[in-house]
Amino acid sequence: MENSQQQQKPKWEGRTTAEVVGFKAEQVWPLLEDFCGLHKWFPTLTTCLPVEGICGQPGCVRFCAGFNTPVNCDGDKVRVNWTKQKLLAIDRTKLTFTYSIVDGNVGFNSYISTVKVITKGEDGCSLEWSYEVEPVEGWTLKDLDFFIGTGLQVMATRMEEALKDYCKITQQ
């Protein structure tokens with residue numbers, strides 16, 4: 001059967017949010033828009049480096065490694081997970097960006113994600129992470145939702161703490 005006649009695999013889709021209390025979207029966005037600074041916020045991610053293009057501009061590629069996943073063991077060996085992620089679009093007025101995973105060893109094929117900051121009145125905002133991906137071997141959709149949801153929650157907490165610390169320093 002030709003490729004054009006093969007049925008496309010159904011995609012998993014998900015969306016999760018995490019609240020950032022006490023800070024406006026405009027305060028949180030600079031932390032999030034640093035496309036090559038994800039390691040500062042995402043749990044267990046130890047490396048996030050630009051490898052192609054100008055970081056923060058569409059077309060740039062970042063290399064991310066060291067994160068744990070629900071499917072992280074290969075027999076008795078723990079493997080180092082890595083991906084290369086390409087920034088597809090960024091809209092600084094809408095506080096959103098979209099990226100895709102273009103290579104890696106975690107089995108994500110046709111992964112596209114959009115991350116945004118959403119205003120929530122005067123006393124906060126939320127981070128929203130939506131994605132679609134072909135089903136991943138060894139994972140369930142529940143695994144992926146948990147991975148992204150807990151990761152985003154940790155990111156929101158770390159951003160809150162960093163902004164609180166920044167406010168303390170600037171008020172002295």
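The values are calculated or read from the model by the stated rules, or taken from the named source; none is laboratory data. Please read all numbers here as calculations on a predicted model, not as lab measurements. Using ideal geometry, Cβ is built from the backbone for each residue, glycine included, and neighbour counts are taken over all protein chains shown.
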Residue list for region 108-134, filter: surrounded by fewer than 15 Cβ atoms within 10 Å (Cβ to Cβ) and either over 19 Å from THR98 (Cα atoms) or among the basic types (Lys, Arg) (or both) = GLY121, GLU122, ASP123
task = Read through the list (1) over 13 Å from the mean Cα position of the chain (by Cα); (2) of a type outside the set (Lys, Arg); (3) at pLDDT 95 or above, then give the number of the only condition that PHE97 fails.
result = (1)
inquiry  = Go through region 144-171 and report how many residues are over 16 Å from THR17 (Cα atoms) and surrounded by fewer than 16 Cβ atoms within 10 Å (Cβ to Cβ).
reply    = 10
note = Selection over region 10-56 where residues are part of a strand (DSSP E or B) and touching a helix residue (DSSP H, G or I) at 6+ places or on another chain (Cβ under 8 Å) yields a count of 12
message = Within region 125-134, does at least one residue satisfy the condition of being small (Gly, Ala, Ser), touching a strand residue (DSSP E or B) at 6+ places or on another chain (Cβ under 9 Å) and at pLDDT 95 or above?
response = yes
ask   = Give me the pairs: first residue in region 21-42 and without any contact (Cβ under 8 Å) to a residue 24 or more places away in the chain, second residue surrounded by 18 or more Cβ atoms within 10 Å (Cβ to Cβ), beta-carbon distance under 7 Å, and six or more apart or on different chains, which are they?
value = GLY37/CYS48
